[in-house]
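The values are calculated or read from the model by the stated rules, or taken from the named source; none is laboratory data. All of these numbers come straight from a predicted model, not from anything done at the bench. Positions of Cβ are backbone-derived with ideal geometry, glycine not excepted, and every protein chain shown enters the neighbour counts.
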């Protein structure tokens, strides 16, 4: 592939992906090459390539007689996504806690939570959301298992469509911050079983928030 085309494709992919995850492009919204050409000012080739990548990610889908549209998730989809995501997160936590980098993991989580607390009080929602993601992603980094990362990546992207939406509510952000704090306290105390139980409870609470959001639409 021509390197210039590749660069443009990656840029378009990133723009559309972020618009989907932030719900600037709404679930079920139709995507046409012509409309994207007009919006982004590029040729159709990199747009088609970016859309193919997004389809592989599970963020858009093709429907006969309709074309490409942003994926629209049902209640069952959400339940499947969250039940799978929690298993990935728990496995990542187990691997990271059993590694030789456990102390580094706990320290990384402390720093994430300190920064997240500051962002929460400052009202910096975008920064807090990034740090909330970092809390979970730290388990994957310290688990040091590339296959686990690959397996979780697509599910996490679909998960993020809803987590970004319900995290716009300040009360939800404060609840999530507290749940992360509790998980960290258990890990600091060396109680991995309690940390795992807290992580599962956190996921169940997040699913409830996502389902409430779905019901409001």
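The table below gives the values:
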| read-out | value |
| --- | --- |
| Residue tally, condition over 20 Å from residue 154 (Cα atoms) and surrounded by 19 or more Cβ atoms within 10 Å (Cβ to Cβ), over the stretch 32-60 | 3 |
| Residue that is modelled with pLDDT of 90 or more and assigned to a helix (DSSP H, G or I), where the choices are 8, 15 | 15 |
| Failed item, numbered, when residue 118 is tested on (1) closer than 22 Å to residue 175 by Cβ; (2) crowded, with 16+ Cβ neighbours inside 10 Å | (2) |
| The stretch 43-66: number of residues that are touching a strand residue (DSSP E or B) at 6+ places or on another chain (Cβ under 9 Å) and either under 15 Å from residue 162 (Cα atoms) or outside the structural domain of residue 23 (by TED's automatic domain parsing) (or both) | 2 |
| Residue count for the stretch 20-31, restricted to those that are on the phi < 0 side of the Ramachandran plot, surrounded by 15 or more Cβ atoms within 10 Å (Cβ to Cβ) and within 19 Å of the chain's Cα centre (by Cα) | 5 |
| Criterion (in a helix (DSSP H, G or I), in contact with a helix residue (DSSP H, G or I) (Cβ under 7 Å, 6 or more places away or on another chain), modelled with pLDDT of 95 or more and closer than 21 Å to residue 214 by Cβ) met by exactly one of 176, 183 | 176 |
| Test: residue in the stretch 92-99 that is free of Cβ contacts under 8 Å to residues at least 40 places away in the same chain, in the same structural domain as residue 156 (by TED's automatic domain parsing) and either assigned to a helix (DSSP H, G or I) or over 17 Å from the mean Cα position of the chain (by Cα) (or both) | yes |
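A quick yes/no check of all residues on (1) touching a residue at least 12 places away in the same chain (Cβ under 8 Å); (2) surrounded by fewer than 18 Cβ atoms within 10 Å (Cβ to Cβ):
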residue	(1), (2)
165	yes, no
174	yes, yes
178	no, yes
190	no, yes
193	no, yes
206	yes, no
212	yes, yes
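Residue-by-condition table, conditions (1) at pLDDT 95 or above; (2) under 16 Å from the mean Cα position of the chain (by Cα):
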| position | (1), (2) |
| --- | --- |
| 37 | no, no |
| 46 | no, no |
| 59 | no, yes |
| 80 | no, yes |
| 101 | no, no |
| 119 | yes, no |
| 125 | no, yes |
